[in-house]
1. Say we look at the stretch 258-273 and pick out the residues that are in contact (Cβ under 8 Å) with a residue 24 or more places away in the chain and open to solvent by less than 70 Å² (accessible area, probe 1.4 Å); which of these is nearest to Arg166 (Cα to Cα)?
2. Please state which one of Pro26, Pro37 is of a type outside the set (A, V, I, L, M, F, W, C), assigned to a loop (DSSP other than H, G, I, E, B) and modelled with pLDDT of 50 or more.
3. Could you tell me which of the residues Arg236, Arg255, Arg204, Arg226 is out of contact with any Cys (no Cβ under 9 Å at 6 or more places or on another chain), more than 16 Å from Leu117 (Cα to Cα) and modelled with pLDDT of 90 or more?
4. Checking Glu80 against (1) among the charged types (D, E, K, R); (2) within 16 Å of the chain's Cα centre (by Cα); (3) over 16 Å from Arg41 (Cα atoms): exactly one of these is not met. Which one?
5. In the stretch 65-81, which residues are more than 19 Å from Ala104 (Cα to Cα) and surrounded by 19 or more Cβ atoms within 10 Å (Cβ to Cβ)?
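The values are calculated or read from the model by the stated rules, or taken from the named source; none is laboratory data. Just so it is clear, the model here is predicted, and its values are computed rather than measured. Cβ coordinates were reconstructed from backbone atoms using ideal geometry, including for glycine residues, and neighbour counts include every protein chain displayed. Each accessible area value is taken on the protein alone, full model and side chains, heavy atoms only, with ligands, DNA and RNA left out. Shrake-Rupley method; radii C 1.70, N 1.55, O 1.52, S 1.80 Å.
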Amino acid sequence: MTTTGSGSTYDPPADPAHGTARAAAPAPAAARGHGPPRTDRRVAVVTGASSGIGAATARRFAAGGWHLLLSGRDRRRLEETASGTSAVLLPADLAAPDGARMLAQAALRKTGRIDVLVAGAGIGWAGPFLTMPHTDIDRVLFLDLNATLHLVREVLPAMVEAGGGRVVLVGSVAGSVGVREEAVYSAAKAGLAAFAEALRQELRGTGVGVTLVVPGPVETGFFARRGTPYHRSHPRPTSPGRVAAAVWDAVSRSRDDAYIPPWLALPSRVRALAPGLYRKLLNRFG
């Protein structure tokens with residue numbers, strides 16, 4: 001029900017890095033061994049940066065003075081996102097067996113540090129679960145959940161060694177409430193939400209934070225790419241820039257969760273407190 005991997009629009013505070021690695025932190029041991037060029041600018045890796053939420057988020061961080069490493073499968077569109085910035089392009093296919101590892105290693109070779117990872121790459125599929133091909137089940141689960149977990153696993157050691165950083169996971173309201181005819185997508189995003197909560201507890205005391213961004217439908221090419229247009233009257237689609245602004249604010253303020261729009265936090269709360277009432281409302285309003 002939401003788009004994964006693309007976005008932009010922020011008015012940052014003077015210092016947007018409360019929860020991120022400090023410039024004076026030493027380079028991770030693996031990075032030091034390769035002798036990468038060091039930078040005093042904060043470094044953000046953004047996946048899914050070729051369009052939508054990822055692209056908007058990349059532009060917002062660039063406007064805030066961050067050094068960007070942009071990843072996606074479409075190099076031409078990555079170049080459009082990076083236009084006018086000093087961003088480094090790291091085209092990668094996270095669906096490939098070693099995609100996450102290769103991307104993380106390339107990022108650390110370039111800068112020796114990663115202060116923020118915005119994991120926004122993903123795909124969707126809409127239609128009755130009974131008709132969903134098995135290959136599409138695997139594809140959605142792998143890219144929306146497995147690949148993200150593998151990428152975070154590759155990036156985290158450098159953040160923990162540096163004593164700071166933030167992982168930003170782009171989820172979906174579908175993962176909070178479950179959306180009919182988006183069963184596998186909902187399952188993948190629900191898994192991402194549970195992962196964020198568990199990882200956040202594990203990382204307490206390390207200086208590394210985890211933010212789960214939960215947008216509703218977003219005006220991007222996501223729905224066209226999945227082959228089914230968005231047809232619901234509520235919630236109305238929001239802009240990628242609004243989601244990107246929420247990502248920026250969450251990183252700036254070290255927030256654990258960001259719902260866009262904020263009222264989308266309500267359905268999941270109703271579901272938790274009154275599941276019977278929630279299902280009646282869902283059956284009536286969808």
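1. Out of the qualifying residues, it is Ala258.
2. Of the residues listed, the single one that is of a type outside the set (A, V, I, L, M, F, W, C), assigned to a loop (DSSP other than H, G, I, E, B) and modelled with pLDDT of 50 or more is Pro37.
3. Arg204
4. (2)
5. Once the filter is applied, which keeps residues that are more than 19 Å from Ala104 (Cα to Cα) and surrounded by 19 or more Cβ atoms within 10 Å (Cβ to Cβ), the stretch 65-81 yields only Thr81.
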